[in-house]
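Here's the structure, in structure tokens; my notes come after.
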Amino acid sequence: MPLPKIDQPLFELTIPSNGDTVKFRPFTVKEEKILLIAQESNDIDQVVLSIKQILTNCIQDYDIAKLAVFDLEYILIQIRSKAVNNLLKFRVSDPDTEEMVDLELDIDEIEIVRSEDHKKIIPVTDTISLSMKYPSIDFIKVLRQGEDAEDQAGAMFDLMRDCIDTVVEGEEVYKIADFTTQEVTDFIDTLDGNVLNHIKEFFDTIPKMRFETKYKLEDGTEKTFVAEGTETFFI
């Protein structure tokens with residue numbers, strides 16, 4: 001006689017970047033193992049692979065490749081809250097004294113921070129503009145893989161190129177995916193510094209998960225612990 005099958009409850013959430021509704025289940029021991037491997041690894045490839053696997057296992061009928069980075073962060077923390085509870089207790093090392101401090105995180109208090117300066121439409125000329133799309137977890141992996149300044153610059157250029165969704169000229173809309181990498185590269189090479197600054201601002205102000213809480217050291221010094229982005233899932 002086989003062991004009984006345990007049915008997992010399903011929950012719904014709204015994806016922050018596009019308003020889509022998805023169903024998900026809490027992670028189980030299987031996903032807990034994947035999470036532990038990611039927590040203990042300093043390998044960005046392993047971390048990204050673990051995140052993808054957890055999302056693929058837990059989300060129903062949705063292409064995770066469509067998710068922006070802050071969507072991933074939000075969904076991951078919701079999956080964790082349903083698997084355990086809203087309160088997460090953890091320890092951190094103070095960056096100045098290395099003193100270990102006990103903290104508590106209420107998942108309901110984690111929010112997505114949105115900058116008023118964030119813009120997805122970037123003007124190029126009076127008649128031409130760029131429509132940007134949010135980077136996925138794969139793009140973040142590419143960005144972090146550079147080991148020196150030249151690698152980082154190349155990775156940043158790749159990220160910028162891959163996050164241009166369309167070029168709009170008057171009533172004409174050009175989908176970047178319809179052009180070769182070289183064609184897109186040649187187009188980007190013609191952009192002036194002001195446009196590149198706007199693109200950089202787009203990346204600098206992308207919405208992200210953020211949590212902060214105050215704590216005191218043994219000598220009474222008050223500090224603030226801040227977790228942003230995917231850090232909110234792996235603390």
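The values are calculated or read from the model by the stated rules, or taken from the named source; none is laboratory data. None of these values were measured; they are calculated from a predicted model. Quick note on the areas: whole protein, heavy atoms, side chains included, nothing else; ligands and nucleic acids left out. Shrake-Rupley method; radii C 1.70, N 1.55, O 1.52, S 1.80 Å.
Checking the a/c ratio against 1.5 first, then a/b against b/c, what shape does the Cα gyration tensor give for the range 1-73? In terms of gyration-tensor shape, oblate. Take GLU99: with every protein chain present and a 1.4 Å probe, its accessible area is about 40 Å².
With respect to the chain, whose longest principal axis is taken over its alpha-carbon atoms, helix 193-204 is tilted by about 20°. Taking a straight line from the alpha carbon of LYS200, these lysines sit under 17 Å away, with near neighbours fewer than eight places off in the same chain left out: LYS119, LYS120, LYS133, LYS208. Close Lys pairs in the range 10-116 (alpha-carbon distance under 20 Å; sequence gap of 8 or more, or different chains): 10.
At full extension, GLN8 and ASP189 could sit 60.0 nm farther apart than now, given 0.36 nm per residue minus the alpha carbon distance. Report, in degrees rounded to the nearest 10, the 0 to 90 angle that the Cα long axis of helix 29-40 makes with the longest principal axis of the chain. For 29-40 against the chain, the angle is about 70 degrees. Pairing the Cα long axis of helix 44-58 with the longest principal axis of the chain, what angle in degrees results, from 0 to 90 and rounded to the nearest 10? Between the helix axis and the principal axis of the chain, the angle is about 70 degrees.
Counting only residues at least eight positions apart within a chain, or on another chain, the aspartates and glutamates with an alpha carbon under 14 Å from that of LYS223 are ASP94, ASP96, GLU98, GLU99, ASP102, GLU212. On a per residue basis, the range 1-79 carries 58 Å² of accessible surface, using protein heavy atoms and a 1.4 Å probe. What's the center-to-center distance, using Cα atoms, between the range 1-58 and the range 189-231 in Å? What the calculation gives is 25 Å, centre to centre.
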